[in-house]
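Below is one structure, written out as structure tokens; comments come after it.
Just so it is clear, none of the values below were taken in a lab; they were calculated from the coordinates. Given the structure is predicted, the values throughout are model-derived calculations rather than measurements. Cβ: placed from backbone, ideal geometry, glycine included. Neighbour counts: every protein chain shown.
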Amino acid sequence: MSNLKKWQIAASINNDILSRFPELNPVLLQLLWNRGLTNQEAIDEFLNPDWGQDIHDPFLFRDMKKAVERIYEIIGDNQKIGVFGDYDADGVCAAVILVLTLRKLGASIEIYLPHREREGYGLNEEAIRYFQEKKIRLMITCDCGVTNVKQIDYALKLGIQTIVTDHHQPSDLFPPALAILHPSLHKESYPFKLLSGGGVAFKLVQGLLRYEGCQLSEIEKEAHEKWLTELVAISTIADMVKLVGENRTLTKYGLQVLRKTKRLGLRKLVEIAGLRFSEIDSWAISWQLAPRINAAGRMDHANAAYALLTSEDEQEATELARSINLANTERQTVTETMLAQAIEQIGEPPTKSYLVQAFQPGWPLGLVGLVAGKLVSYYNRPALVMCQSGDKIAGSGRAGIGNFDLAAALKKCSELLISYGGHKEAAGFSLKKENFELFIAKMQDIAAEYLIQEDLTPVLDIDAVLHFSQITWELAELILQMEPVGQGNPLPKFVSLGVKVINVQPVGGFGQHWRIELEQNGVKQKFIWFRAIDREITLFAGNKIDVAYEIGINQWNDIRQLELKIVDIRKIDS
């Protein structure tokens, strides 16, 4: 595969825009403008999220009052509540958020997290029968439920009412639930539509705490709500929902709480990941904490992650953190092997292939979604990765590019599928073996409909052109104001044009990284290129290149340094 990317440099803001916001640094204003923040109110909310102003009233959900009143009735009648979660970091955090709150309010709780491979995604009848045996009268789903029409109807016939908290794409039919809390449903009155599963569970918690019947003191309510935001931050970043609006506010406050967390399991997880508490940011969650929490459900059972996040015993928390860390190491090894096998299987996709797919019976179901995501990055096309699961084929897909809507595509194939569910960007599915070829052919046709007008060359979005003289500590500190970064607010990227390669030095245990010194009009800057793609860079030392990079601050042993990380280079022909 070629690694060449098409550089797409954002249009520079003009003097009229600059004059409207004279108090903002021009580079910072450019970054904000590129993200669609074009008025004072939006810029203020982004740069200075305010809990009082930017967190919406939970009772704006049309079913919130109904849900809260029923929960308090159940608690008052000393009846039991069942909480059904999911096996990923978002679903586990959502379940923890809800269970800790319900127990604080005096509820008797049974928790059920499904096994990824044996039970699959979403509510199932085995869990409902378990709740019936435990004499549950009210069941609350976390991060799932909106498509489980048959299962919720089955629960109702067994005398169990259901409150759904979810954010996944719904089907045409709605389940017969007592209440559905889902921000993006048609006719839902809640103003922010992009909450994670943990975010929706948190809104239910806010409803319970702010309800007139809540017996906790104002201090208790405020403290409990505050200490749950770290779990909301993890769920929001882990599930890759857009870090804009209310999500940004929840995550920014949650990161502050996470840096001083009292939760034993999180403290142990942070320590075993080798992180400093004071430096935990969105990157630390995305690449260090969330993968470890997810590894529990991917490699065995999410119960271990739930136990870690709720543990109040030092030894137990330590052992769970070590076990989950080992599971994550194994997950990384197996994922890399699967990725290599998938790439070998796919090879070079035909020019007119708008979707890639890989299938191997023995691949673990818990890892196919990760491999699909990596294939999207490698081929710049939607990807499906599948394995054998019992007597059926199960898989996961990632959309990745253009306007391709994976959940909508699967919906068009529903007659060929046993089950499916997810978002525009990511979804899971299962089907009978005999439908496999028909399914792949139809998905290829649907992908072509979406993408036939798309240029499938990978695009590198660049925020601004900088001269080396503009790269200063002041600029690096301003860029920090863009945190937390993630979906909808990517880490800023810059480009400098026509710079001279002065020195190239391999670094790292296997020389897999490059330390590169560049010069532009007499100004020199040192860069690092991690996992360098272009091994021939030493061949044009002394020549000129264009360089795309990120600007950050690296702190090690109390020494702070500017860190310029190369994202891509472009050779300039002599």
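Would you check if there is a residue in the range 402-412 being among the basic types (Lys, Arg), over 21 Å from the mean Cα position of the chain (by Cα) and closer than 13 Å to GLY428 by Cα?
There is at least one residue in the range 402-412 that is among the basic types (Lys, Arg), over 21 Å from the mean Cα position of the chain (by Cα) and closer than 13 Å to GLY428 by Cα.
Residue check: is SER184 assigned to a loop (DSSP other than H, G, I, E, B) and of a type in the set (S, T, N, Q)?
yes
Suppose we keep only residues that are over 21 Å from the mean Cα position of the chain (by Cα), among the small types (Gly, Ala, Ser) and part of a strand (DSSP E or B) within the range 413-453. Which one would you say is nearest to TYR378 (Cα to Cα)?
SER430
Which numbered condition trips up GLU519, out of (1) buried (at least 18 other Cβ atoms within 10 Å of the Cβ); (2) in contact with a helix residue (DSSP H, G or I) (Cβ under 9 Å, 6 or more places away or on another chain); (3) among the charged types (D, E, K, R)?
Only one criterion is unmet by GLU519, namely (1).
Quick test for you: out of ILE479, ILE545, pick the one residue that is buried (at least 19 other Cβ atoms within 10 Å of the Cβ), in contact with a strand residue (DSSP E or B) (Cβ under 6 Å, 6 or more places away or on another chain) and part of a helix (DSSP H, G or I).
On inspection, the qualifying residue turns out to be ILE479.
Can you tell me how many residues in the range 32-50 are within 22 Å of the chain's Cα centre (by Cα) and touching a residue at least 24 places away in the same chain (Cβ under 8 Å)?
Looking only at that region, the number is 6.
Which ones in the range 161-199 are touching a residue at least 40 places away in the same chain (Cβ under 8 Å), closer than 16 Å to GLY85 by Cβ and among the β-branched types (Val, Ile, Thr)?
The answer is ILE163, THR165.
Which numbered condition trips up TRP363, out of (1) aromatic (Phe, Trp, Tyr); (2) within 19 Å of GLY397 (Cβ to Cβ); (3) in contact with a Gly (Cβ under 8 Å, 6 or more places away or on another chain)?
Among (1) aromatic (Phe, Trp, Tyr); (2) within 19 Å of GLY397 (Cβ to Cβ); (3) in contact with a Gly (Cβ under 8 Å, 6 or more places away or on another chain), the lone unmet condition for TRP363 is (3).
Sort out which residues of the range 259-289 are closer than 20 Å to ALA304 by Cα, of a type outside the set (Ser, Thr, Tyr) and within 19 Å of the chain's Cα centre (by Cα), and write them in order of number.
Across the range 259-289, the qualifying residues are LEU266, LEU269, VAL270, ALA273, ILE285, TRP287, GLN288, LEU289.
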